Amino acid sequence: MGNVLAFRNLTLGYDRHPAVHHLDGEVAEGDLLAICGPNGAGKSTLLKGIAGVLSPLTGRIEGHIAARDIAYLPQAAEVDRSFPIDVYDLVSMGLWRRAGLFGGISRADRVRIEEALAAVGLEGFEARPIGTLSGGQMQRALFARLLLQDARLLLLDEPFTALDAGTITDLTALVKRWNGEGRTVIAVLHDFELVRGHFPRTLLLAREAVAWGATGEVLTPANLAEARRMCEAWDEDAPACAPSLKATAAGRAA
Amino acid sequence: MIYDLLIAPFAEFDFMRRALVGVLALGIGAGPIGVLMMLRRMSLAGDAMAHAILPGAAVGFLAAGLNLFAMTVGGLVAGFAVALGAGAVARATQMKEDAALAAFYLISLALGVLLVSLRGSNVDLLHVLFGTVLALDDATLLLIVSISSLTLVALALAWRPLVLESVDPGFLRSVSRAGAPTHLIFLALVVMNLVGGFHALGTLLAVGLMMLPAAAGRFWTRELTALVGVSVLIACGSGVLGLLVSYHSGVPSGPAIILVAGGAYALSVLFGPVGGLLPRFLPQRHLEA
């Protein structure tokens, strides 16, 4: 199987300050990849870059996948919990790719929605307004929506934060099921036990890649200490990064 | 008796029948627009937009007098310029839409005041401010009804992305590029409905027929479709009742209509089953699960 994504000298950031700095590497089709690293290491930024929400400052992401085949669950989903909409309608948004702006929802689609709700353990919640859901139930509903998106590449940004053990177990099983179906999953995670138990490959990020490979070889005490050390603060007076300037100049010349 | 009170004014007078058609058309368009504005947290944006339209309509009035076409075009141009400008700045820069809207409408308002005072004439702009619902001619009525029809068609087409963008803008961005154009279409609809409304109710009060029914409806249902229905009912009901109050008591009809809508809002706050005051204080035993 080929690569789904390749990062080529990728720098992502905000206001010219890099959050992900000169990253190179590939994600193979069917990977189950965890991204770990301290706060401020650029993990969420990298997912935003892959999802196409953020454009690279320099370098590029080669995606051998159509944008419509990518499903992205951001860290703090911007769902307006006070909006008068029920769980069924929220989950059915996952059919956007199939239904688009005007398409109808067929009987087969309704079966899919029911199945997705069942898969995340939310049977019987169809008519509940989303404002009445607990945090865990909301995350289950968002996973049901992901399920309906039927994407080849799933980007999950800290999907298990503030969830209880039972919910994490259920949702992890769902992630592994997706991966078993040949889908590529990239998840930002902080729970090293969970990563060691379920994610074969890990990228340890601290703006730059500290290590990237088999989880057991990446999550070593030495690497983790190195990651913490490298994640220094935002410097208002940081000089322009020389290689990136050269790359930009070269890009203009070409 | 009831006939004299409710039916006779409309049966006897042509201008009341015209006003009736006008307020019903306005209510049907303003109801769903108001609901979406409220749910998109733009309740006050409508007010800003109304201020933005005022100078445009005033300039049209100064240029061509009481001319439907000139005032409509003036209002539309000023409203679109402010709505699209603010929308574009909010999407392209780090500025939030409410701040951008405030900046744009204040510029428009100042420009309008400047233009009006340069002209130096002591023009009566009262009817731009408060509307003339009892003097709607054929052309104006046609304009109002056309705007309402167009609004319903446009909303039907853009409903899904509009709702999705209100519930979860991040998700819509990740699956579609429809978000920005949808929002701009919505802003355009708001402007058009305000322009339609100002002929009847005046620029400032036109917002009332959008926001008051939507805010009142929130106390009666938790369901979006029902909320739109309730809002349209309250908007149209306020229009009819307001006209009758105005007819029987001789008060100006624009403010009467909006005050009736205000009364509906007050009743909803007090008695509405969804989070109203009275239900909250009624002793009710909690459920088992």
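Scanning region B:136-155 finds no residues that are at pLDDT 90 or above, buried (at least 23 other Cβ atoms within 10 Å of the Cβ), within 17 Å of the chain's Cα centre (by Cα) and within 14 Å of chain A (Cβ to nearest Cβ). Every test in (1) crowded, with 21+ Cβ neighbours inside 10 Å; (2) among the polar types (S, T, N, Q); (3) over 30 Å from B:Arg218 (Cα atoms) is passed by A:Ser55 save one, and that test is (1).
Quick check: is even one residue across region A:101-116 polar (S, T, N, Q), outside the structural domain of A:Glu217 (by TED's automatic domain parsing) and surrounded by fewer than 18 Cβ atoms within 10 Å (Cβ to Cβ)? Yes, some residue in region A:101-116 is polar (S, T, N, Q), outside the structural domain of A:Glu217 (by TED's automatic domain parsing) and surrounded by fewer than 18 Cβ atoms within 10 Å (Cβ to Cβ).
Scanning region A:18-51 for residues that are in a loop (DSSP other than H, G, I, E, B), on the phi < 0 side of the Ramachandran plot and touching a Pro at 6+ places or on another chain (Cβ under 9 Å) turns up just one, A:Asp31. Here A:Arg196 clears all of (1) basic (Lys, Arg); (2) buried (at least 23 other Cβ atoms within 10 Å of the Cβ); (3) over 16 Å from the mean Cα position of the chain (by Cα) except the condition numbered (2).
Just one of B:Leu164, B:Leu227 is more than 23 Å from B:Ile258 (Cβ to Cβ), assigned to a helix (DSSP H, G or I) and within 14 Å of another protein chain (Cβ to nearest Cβ); which is it?
B:Leu164
Within region A:157-176, being exposed (fewer than 15 other Cβ atoms within 10 Å of the Cβ) and within 16 Å of A:Ala144 (Cα to Cα) holds for A:Thr169, A:Ala173, A:Lys176. Considering region A:67-101, the residues that are part of a loop (DSSP other than H, G, I, E, B) and more than 7 Å from chain B (Cβ to nearest Cβ) include one that is farthest from A:Gln137 (Cα to Cα), namely A:Gly100. Of the residues making up region A:77-99, just one is under 24 Å from A:Leu47 (Cα atoms), touching a Ser or Thr at 6+ places or on another chain (Cβ under 8 Å) and not acidic (Asp, Glu), namely A:Trp96.
Residues checked against (1) among the charged types (D, E, K, R); (2) within 24 Å of A:Ile65 (Cα to Cα):
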{"site": "A:Leu156", "(1), (2)": "no, yes"}
{"site": "A:Gly166", "(1), (2)": "no, no"}
{"site": "A:Thr169", "(1), (2)": "no, no"}
{"site": "A:Ala187", "(1), (2)": "no, yes"}
{"site": "A:Asp191", "(1), (2)": "yes, no"}
{"site": "A:Arg196", "(1), (2)": "yes, no"}
{"site": "A:Thr202", "(1), (2)": "no, yes"}
{"site": "A:Arg228", "(1), (2)": "yes, no"}
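Residues A:Thr167, A:Thr161, A:Thr172, A:Thr132: which one is within 12 Å of chain B (Cβ to nearest Cβ) and among the β-branched types (Val, Ile, Thr)? Sole residue among the options that is within 12 Å of chain B (Cβ to nearest Cβ) and among the β-branched types (Val, Ile, Thr): A:Thr132.
Taking the criterion of being within 7 Å of chain A (Cβ to nearest Cβ) and not in a helix (DSSP H, G or I), the residues of region B:167-184 that qualify are B:Asp168, B:Ser176, B:Ala178. When B:Met210, B:Met192 are checked against the criterion of being surrounded by 23 or more Cβ atoms within 10 Å (Cβ to Cβ), under 16 Å from B:Leu44 (Cβ atoms) and away from every other protein chain (no Cβ under 12 Å), a single residue qualifies: B:Met210.
The values are calculated or read from the model by the stated rules, or taken from the named source; none is laboratory data. Computed from a predicted model, the values in this text were never measured in an experiment. Here Cβ is always computed from backbone atoms with ideal geometry, including for glycine, and neighbour counts include all displayed protein chains.
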